[in-house]
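Here is the structure we will look at.
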Amino acid sequence: MIAEYLTTRFGLPEWLACGGVALVQCLILLGIMMFAAALFTWMERKVAGRIQDRLGPTRVGGRFGWLQSVADGVKLLAKEDLIPGEADGLLFRLAPYVSFCAAFCVYLALPFSNGWVAQHLNVGVFFIVAIAGLEVFGVILGGYSSASKWSLYGAMREAAQVVSYEVPLGLCVVIPVMVAGTLDLVAIGNMQRGWGVNWLVFHNPFLFITFFIYALCTLASTNRAPFDLAEAESELVAGFLTEYSGFRWSVFFMAEYGSMYAMSGLGAILFLGGWHGPIPLAEMLGLSYANHAVLGWLGDLLGAGNFLCKAFLGVAAMMWLRWTLPRLRIDQVMTTCLKYCVPLAAAMFVGTMLWTYALPGGLLPRSTPLGAVAEAPPWTAPRAARGERP
Amino acid sequence: MINWHTCFFLLFATITCAFAVAVVVSANVVRMAVCLIASLAAVSGLYFLAVADFVAAMQLMIYVGGTLVLLVFGVMLTARGPFVSMKITPANWLMAGLAGGALLILLLCAATSVDAWKTAAVAASAPAAEGGHTVAPIGMALLGIRVDALEQANPALRGGIAGYLLPFEIVSVHLLVVLVGAAHLARARRRRRPAEAVPDASRSA
Amino acid sequence: MEVGLILDKLKQRFGERILGADLEAADPSIEIAPAALAEVARILRDDPPLRFDYLHCITGVDYVQPDAKKAKSFPWEVHFELLYHLSSMAHRHRLVLRIKLPRWQGGVEGQLPEVPTVSHLWRTADWHEREVFDLSGVRFAGHPDLRRILCPEDWQGHPLRKDYKTAEEYHGIRTR
Amino acid sequence: MPVERVDPELVEFDVRTDEMLINMGPQHPSTHGVLRLVLRTDGEVVSSAAPHIGYLHRCAEKIGENVSPRQWIPYTDRMDYLAGMNMNLGWAMTVEKLMDLEVSEKTRHLRVIVCELNRIASHLVAAGTYGLDLGSFTPFLYCFREREKILNLFEAVCGARLTYSYIAPGGLIADLPPGWLEACERCLGELQAVVPELHAMLTSNEIFIRRTAGVGVLSPEMAIDYGCSGPVLRGSGVKWDLRRDGQPPVARMYEDYRFEVIAQVDGSYPRDQEYPPVPPEAVVGDCWHRFYVRMLEVVQSIGLVRQAIEHYRRSAGPVSEPIKITQKLPRGEAYLETEAPKGQMGFLVVGDGTAIPWRVRARSSCFCNLSVLTEISRGCLLADIPAILGSLDIVLGEIDR
């Protein structure tokens, strides 16, 4: 790997090489997350504007207000940082970072393309689901430590909602995992290689339905409208965010957008072919490691573009819903989860199980990838399997 | 020469211990829960270091995630008066110390009794090397096939004992029954009261 | 039903306690004794041919001229008046109930005049009586929750009385 | 499948939990102004909601006793500041009743035009903010976009966009500028096209129906008992509209107009326009019906304005001049209620022979409509409070005066 390369080629000490590479990886991921947050803040304003028959930001940065997020960021940094007198100061300060860390850790195991992943875990799916559930801690701590009843309401709603929706979300994730036979996200992505019909969402009708349940649960677990009860403005002022201002508020915000993007990405890998486009363009062009290392790398780059687009579209759909639908009531949110999502997901689970048992190949004939099956690049295997220490 | 592995091990171990102590020392229920979360999360970090991804993710999901409920209860209990602190009497300290000490001794005994861990060389070649793929062996073990014991000379050991599937299923069904029972018991039965008897806040507030 | 007929009906029933009527005005009114209000109101609401089911408004009017110079040309006698605007959705007729009260109970300055409440007959009266109490200073006997409604709870005086003097300051805030 | 509703009569559970008193307002996004509700909550269930008002009290009645009727007109603008025209109208007609004044035909029809336009504007705000209360942001901007067009028309008429002071006792301060009627007709056409959009985004939206149907049910008896009026009363299925049932001056104003009172009687609404069907979950008197009545009234008012434009074009002569500031009032009293967008707005004036009234009284429709909140919100969920409050469509300027 790069660290080995650096050690052997330039004689860097191992600790420096490893540490440096880890640092760079972290910075890249942080960059992606921050950029996503900035992009989506701007995009949300534009999308909301267009849906509401207005323009959204137009001035900042010349055209389209593309620097609006920067202006927002500067404004938020310059804002007075208030902590309520009654608040538990330590927890109040800690809470946004808890949320942010959880959202960030998801990116550690999220592959952006064939093997482009910071930490290739062979239980990647499981890790992401586990970590994504931890974001709620920040919300609960923030709501509790604000010493405001509205914040507390927001926190309690969030707790109830996230804990409930983790069940159908977990079930929905397990179904494609069952079809794929692995928890390794890279492997799941790679088995959907080829034409669009190979995507798991088209594997069988049950998986097709599962995808929509997954989308619903994603909305709920990332706290987006119509499930944004924790910060329901017209009911709870701003819910757990009521007492937050300035930078800490923006950290919560980045965590929200970060996890929206991550969950869209997870959905893209599990259901929508990950980094494989509907047309196997890379293979048609011969961009594979079998031909040349650089070509293979280019193919992966194309894949990363594919993946980012799919995740982006997922977020765009979330925005579309937010600016269209009214908010559900808490009992309706719970009913949706417990009475509809859980039984449906369970039924889909059983259905998929029977389907794969009866028709192991799937209904649609799997299109064979063009040309020779591309050989996976050497670093796609889990790191541990190569016998190295992280 | 820095060994990152050792570095991180020390870091995570320190965090684990420090927050464990903080849980004991802290007087505020919610802060206790937060320290417990930090401690448990650091343990999960240790598992990652040991290349036991599956166990680590499990730790995150079950223990750290499970603390959520604890946290929520803590919040609910202290929501009335802000940040109620706990009063701890010396007797509590004594009893807790006894129980904790006993467990610590048990743990130390167990740790020193495993021969393989006594030499550093063996520890380095611990199963972690072929690990990473911890899911499949665990799954197989449930079905009664010990992957790590395939090279065992003793065929009785090689086949595993009987697998853990049956006990696992029994335990899960048991848990389900307990859950249903708890839900039934806790179900709020509503009692009707005539509207007149309702305390009217517009009058009293 | 014509107001004249209503008047006859009420006179039959309450006799002396119906003090007068003004049938020629734009809004015909019947004046009744303060003590009879609750009973008259119950009949007005429940008697099938009357069925005054809708209470529009309760108004307190203070008739006094605090300015001594203008007092000579003051066209009314000094008193306090309550107006109840009623109507019936079923029969589509209207009526104004008029109650004349002394400005102060027993003529003692500061003692608010008192009438029986009608809030148990029309729930509209609940808030309206509170408002009249708050702004005009009439005590409604039997009202379940007679508190100030528009002014702060610790406000002094009743602003719609003609002799009301604004306090110099309220909790350290200058009021003029 | 209908969501199981919390029984309105229950307050007690087997599992006892602590109740919490929580202040909703005076600074809260969905109390529509500076209203304070003291909620007694048990978890998400609200066992009682008590409104506390008076934060916007501006002594309008006391001021009215110190200025002449013409001078008090701007104060009426600031009562229901979303329907200034209707407030002006109520006061002007009350003073006209006291003075026994008649206005010209042309004035009458012009008053109908501006008042019905203002009714549309007010209902649009109600619909938009109601969407906001339920977490739907977009209809709010659609409604305000349309309202802007109406405000532009008003600006052309009287120079103000919110506080018009256009209708004065005795007449109007000005006739229409040239080309105004054509602009108004264009505006009506655009408005008519937007109503189906609002129906799609709100009235017939599945989540919207679930949030409003069966919530905050107000029985017709209770509505009358509490003195509710306007769409709140009609939403409970009471066919009562002062434009048809009012005192002679008010009813006479609308005697040439064809319209039906919009209320569900015998299970159906008057079939004079296209509208989405009533969902099976909706109960007469719930939030959905109150909202629905407002939406239907928007279309009805569009029709009324069209009729009024025809009448206006046909009537000859100038519009009536308002009375002078120094005009002496006769001795006596007059009380009149008009049908404002939010309900029956009543004014009482007592004259003592001078130019300045002895007593002025404003009977607020929202005041009565709000008083019913405690009753219909008992046992609902926290999220239902904005839904119920929004469906009552209150304006604090009118409640506190």
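The values are calculated or read from the model by the stated rules, or taken from the named source; none is laboratory data. Worth saying up front: this structure is predicted, and the values here are computed from it rather than measured. Note that we place each Cβ from the backbone using ideal geometry, even for glycine, and neighbour counts take in every protein chain shown.
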Q.
Given (1) within 14 Å of chain B (Cβ to nearest Cβ); (2) farther than 19 Å from C:GLU131 by Cβ; (3) in contact (Cβ under 8 Å) with a residue 24 or more places away in the chain, identify the lone condition not met by D:ILE53.
A. (2)
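I'd like to check which helices (runs of 4 or more DSSP H) are fully inside the stretch A:108-218 and have at least 1 residues that are of a type in the set (A, V, I, L, M), facing chain B (nearest Cβ under 9 Å) and touching an Asp or Glu at 6+ places or on another chain (Cβ under 9 Å). Show your work before the answer.
On the way: elements: A:124-132, A:135-145, A:149-180, A:185-190.
Here the list reads A:124-132, A:135-145, A:149-180.
Any residue at all in the stretch A:303-320 that's within 14 Å of chain D (Cβ to nearest Cβ), over 28 Å from A:LEU90 (Cβ atoms) and out of contact with any Pro (no Cβ under 8 Å at 6 or more places or on another chain)?
yes
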Q: Evaluate the stretch C:89-108: report whether one residue or more is within 18 Å of the chain's Cα centre (by Cα), part of a helix (DSSP H, G or I), surrounded by 14 or more Cβ atoms within 10 Å (Cβ to Cβ) and more than 11 Å from every other protein chain (Cβ to nearest Cβ).
A: yes
**Q.** Wholly enclosed strands (runs of 3 or more DSSP E) of the stretch D:1-108 bearing at least 2 residues crowded, with 20+ Cβ neighbours inside 10 Å and at pLDDT 80 or above
**A.** D:36-42, D:45-52
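Quick check on C:PHE74: is it at the interface with chain D (Cβ under 10 Å from one of its Cβ atoms) and more than 25 Å from D:ILE224 (Cα to Cα)?
Working: at the interface with chain D (Cβ under 10 Å from one of its Cβ atoms): yes; more than 25 Å from D:ILE224 (Cα to Cα): yes.
Taking the combined requirement at face value, the residue satisfies it.
Assigned to a helix (DSSP H, G or I) and over 23 Å from D:GLN300 (Cα atoms): does that describe D:MET222? Write out each step before concluding.
Numbers: assigned to a helix (DSSP H, G or I): yes; over 23 Å from D:GLN300 (Cα atoms): yes.
Yes: the conditions hold for D:MET222.
Conditions (1) under 16 Å from the mean Cα position of the chain (by Cα); (2) of a type in the set (Ser, Thr, Tyr); (3) surrounded by fewer than 19 Cβ atoms within 10 Å (Cβ to Cβ), marked per residue:
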site	(1), (2), (3)
C:ASP22	no, no, yes
C:GLU31	yes, no, yes
C:ALA35	yes, no, yes
C:ARG51	no, no, yes
C:LEU55	yes, no, no
C:VAL64	yes, no, yes
Q: Scan the stretch C:34-78 residue by residue and report those that are part of a loop (DSSP other than H, G, I, E, B), in contact (Cβ under 8 Å) with a residue 60 or more places away in the chain and of a type in the set (A, V, I, L, M, F, W, C).
A: C:VAL64
Q: Check the stretch D:131-140 and report whether any residue there is over 16 Å from the mean Cα position of the chain (by Cα) and of a type in the set (Asp, Glu).
A: yes
Q.
If a residue counts only when it is away from chain C (no Cβ under 14 Å) and under 28 Å from C:ASP134 (Cβ atoms), which helices (runs of 4 or more DSSP H) contained entirely in the stretch D:287-401 have at least 1 such residues?
A. D:384-392
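To keep it simple, each residue is scored yes or no on (1) surrounded by fewer than 22 Cβ atoms within 10 Å (Cβ to Cβ); (2) over 22 Å from A:ILE330 (Cβ atoms).
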{"site": "A:GLU158", "(1), (2)": "no, no"}
{"site": "A:ARG193", "(1), (2)": "no, yes"}
{"site": "A:GLY196", "(1), (2)": "yes, yes"}
{"site": "A:PHE212", "(1), (2)": "yes, yes"}
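Tell me which residues, restricted to the stretch D:132-141, are assigned to a helix (DSSP H, G or I) and either among the charged types (D, E, K, R) or facing another protein chain (nearest Cβ under 7 Å) (or both).
Keep residues of the stretch D:132-141 that are assigned to a helix (DSSP H, G or I), which gives D:132-133, D:138-141.
Answer for the stretch D:132-141, where residues must be assigned to a helix (DSSP H, G or I) and either among the charged types (D, E, K, R) or facing another protein chain (nearest Cβ under 7 Å) (or both): D:LEU132, D:ASP133, D:THR138, D:LEU141.
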Q) Would you pick out the residues in the stretch A:6-51 that are in contact with a Leu (Cβ under 8 Å, 6 or more places away or on another chain), within 16 Å of A:TRP116 (Cβ to Cβ) and either buried (at least 18 other Cβ atoms within 10 Å of the Cβ) or modelled with pLDDT of 80 or more (or both)? A) A:LEU29
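Just wondering, is there one or more residues in the stretch C:133-141 that are in a loop (DSSP other than H, G, I, E, B) and surrounded by fewer than 19 Cβ atoms within 10 Å (Cβ to Cβ)? Explain how you work it out, then say what you get.
The initial filter retains those residues of the stretch C:133-141 that are in a loop (DSSP other than H, G, I, E, B), namely C:137-138.
Filter once more, keeping what is surrounded by fewer than 19 Cβ atoms within 10 Å (Cβ to Cβ): none.
No, because not a single residue in the stretch C:133-141 is in a loop (DSSP other than H, G, I, E, B) and surrounded by fewer than 19 Cβ atoms within 10 Å (Cβ to Cβ).
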Q. Is at least one residue of the stretch A:277-295 buried (at least 23 other Cβ atoms within 10 Å of the Cβ) and touching a strand residue (DSSP E or B) at 6+ places or on another chain (Cβ under 8 Å)?
A. no
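Taking the condition more than 10 Å from chain D (Cβ to nearest Cβ), in a loop (DSSP other than H, G, I, E, B), more than 28 Å from D:TRP240 (Cβ to Cβ) and free of Cβ contacts under 8 Å to residues at least 12 places away in the same chain, does C:GLN111 pass?
Values: more than 10 Å from chain D (Cβ to nearest Cβ): yes; in a loop (DSSP other than H, G, I, E, B): yes; more than 28 Å from D:TRP240 (Cβ to Cβ): yes; free of Cβ contacts under 8 Å to residues at least 12 places away in the same chain: yes.
So C:GLN111 passes the test.
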(Q) Anything in the stretch C:1-10 that is surrounded by 14 or more Cβ atoms within 10 Å (Cβ to Cβ) and farther than 20 Å from C:PRO116 by Cβ? List them, or say none. (A) C:MET1, C:VAL3, C:ILE6, C:LEU7, C:LYS9
Q) Are any residues in the stretch B:1-47 over 25 Å from B:PHE73 (Cβ atoms) and at the interface with chain A (Cβ under 8 Å from one of its Cβ atoms), and if so, which ones? A) B:MET1, B:ILE2, B:ASN3, B:TRP4, B:HIS5
